[in-house]
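Student: This structure is in structure tokens; I'll ask about it shortly.
The values are calculated or read from the model by the stated rules, or taken from the named source; none is laboratory data. Given the structure is predicted, the values throughout are model-derived calculations rather than measurements. Virtual Cβ from ideal backbone geometry, glycine too; neighbours counted across all protein chains shown. With ligands, DNA and RNA removed, areas are computed over all heavy atoms of the protein, side chains included. Shrake-Rupley method; radii C 1.70, N 1.55, O 1.52, S 1.80 Å.
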Amino acid sequence: QVQLVESGGGLVQAGGSLSLSCAASGKIRHIVLIGWYRQSPGNQRELVAEVFSDGHRNYGDSVKGRFSASRDNARNTGYLQMNDLKPDDTAIYYCNIRGYYGDNGIHTQFDSWGQGTQVSVSS
């Protein structure tokens, strides 16, 4: 089993910055992808950013140039730096980590979600 713990978030004024982190625990052998999603009331969950094991990154159109995703493979942790925040960025942010875990030569795929953290941006 792989568990994720998110931290960060909070309330900030428009134009401010926040950072999120997502730490994975368990017998993790390899993390393929760390993704960040968000969901606001009445809207579907949308992709914010994702970082692949080769370092390639994708961003949602609404956050390009303002948000930056990164990862620390040694710590099995992903980060999301959010700058120039706007009221429309208000949402619950979730991390998603996919990879392989296990030992004794038996590796199992996992696809785990964080508990979600609230980001609120006031105008």
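Student: Check Gly55 against each of (1) free of Cβ contacts under 8 Å to residues at least 12 places away in the same chain; (2) closer than 19 Å to Glu6 by Cβ; (3) open to solvent by less than 40 Å² (accessible area, probe 1.4 Å) and name the one condition it does not meet.
Tutor: Just one mismatch for Gly55, condition (2).
Student: Hey, another quick one. For the range 59-77, enumerate the residues that are under 17 Å from Arg98 (Cα atoms), within 12 Å of the chain's Cα centre (by Cα) and of a type in the set (A, V, I, L, M, F, W, C).
Tutor: The answer is Ala69, and nothing else.
Student: Which one of Gln13, Gln3 is farther than 30 Å from Thr108 by Cα and in contact (Cβ under 8 Å) with a residue 24 or more places away in the chain?
Tutor: Working: Gln3 fails: farther than 30 Å from Thr108 by Cα.
Just one listed residue meets the conditions, Gln13.
Student: Is it fair to say Arg38 is at pLDDT 95 or above, open to solvent by 80 Å² or more (accessible area, probe 1.4 Å) and in contact with a strand residue (DSSP E or B) (Cβ under 7 Å, 6 or more places away or on another chain)? Steps first, answer last, please.
Tutor: Working: at pLDDT 95 or above: yes; open to solvent by 80 Å² or more (accessible area, probe 1.4 Å): no; in contact with a strand residue (DSSP E or B) (Cβ under 7 Å, 6 or more places away or on another chain): yes.
Considered against the rule, which asks whether it is at pLDDT 95 or above, open to solvent by 80 Å² or more (accessible area, probe 1.4 Å) and in contact with a strand residue (DSSP E or B) (Cβ under 7 Å, 6 or more places away or on another chain), Arg38 comes out as no.
Student: I'd like to verify a number: residues in the range 1-58 that are of a type in the set (Ser, Thr, Tyr) and either in contact with a Pro (Cβ under 8 Å, 6 or more places away or on another chain) or under 30 Å from Asp103 (Cβ atoms) (or both), how many? Explain how you work it out, then say what you get.
Tutor: Just the residues of the range 1-58 that are of a type in the set (Ser, Thr, Tyr), to begin with: 7, 17, 19, 21, 25, 37, 40, 53.
Right, trim to either in contact with a Pro (Cβ under 8 Å, 6 or more places away or on another chain) or under 30 Å from Asp103 (Cβ atoms) (or both) and you get 7, 21, 25, 37, 53.
Residues flagged as of a type in the set (Ser, Thr, Tyr) and either in contact with a Pro (Cβ under 8 Å, 6 or more places away or on another chain) or under 30 Å from Asp103 (Cβ atoms) (or both) within the range 1-58 amount to 5.
Student: Next question. Whether any residue in the range 4-24 is crowded, with 20+ Cβ neighbours inside 10 Å and out of contact with any Leu (no Cβ under 9 Å at 6 or more places or on another chain) is what I want to check.
Tutor: yes
Student: Name the residue that is modelled with the lowest pLDDT, counting only residues in the range 12-29 that are more than 19 Å from Gly114 (Cβ to Cβ) and outside any loop (DSSP other than H, G, I, E, B).
Tutor: Taking the range 12-29 and keeping what is more than 19 Å from Gly114 (Cβ to Cβ), we get 12-17, 29.
Right, trim to outside any loop (DSSP other than H, G, I, E, B) and you get 12-13, 29.
Numbers: Val12: 98, Gln13: 98, Arg29: 93.
It comes out as Arg29.
Student: If you don't mind, another one. Among the residues of the range 54-64, write down those that are at pLDDT 95 or above and either within 14 Å of Cys22 (Cβ to Cβ) or not in a strand (DSSP E or B) (or both).
Tutor: Within the range 54-64, the subset at pLDDT 95 or above is 56-64.
Hits for the range 54-64 are His56, Gly60, Asp61, Ser62, Val63, Lys64.
Student: In addition: Which fully enclosed strands (runs of 3 or more DSSP E) of the range 65-117 have 2 or more residues being among the hydrophobic types (A, V, I, L, M, F, W, C) and buried (at least 18 other Cβ atoms within 10 Å of the Cβ)? Let's see the steps before the verdict.
Tutor: On the way: elements: 67-72, 77-82, 91-101, 108-113.
It comes to 67-72, 77-82, 91-101.
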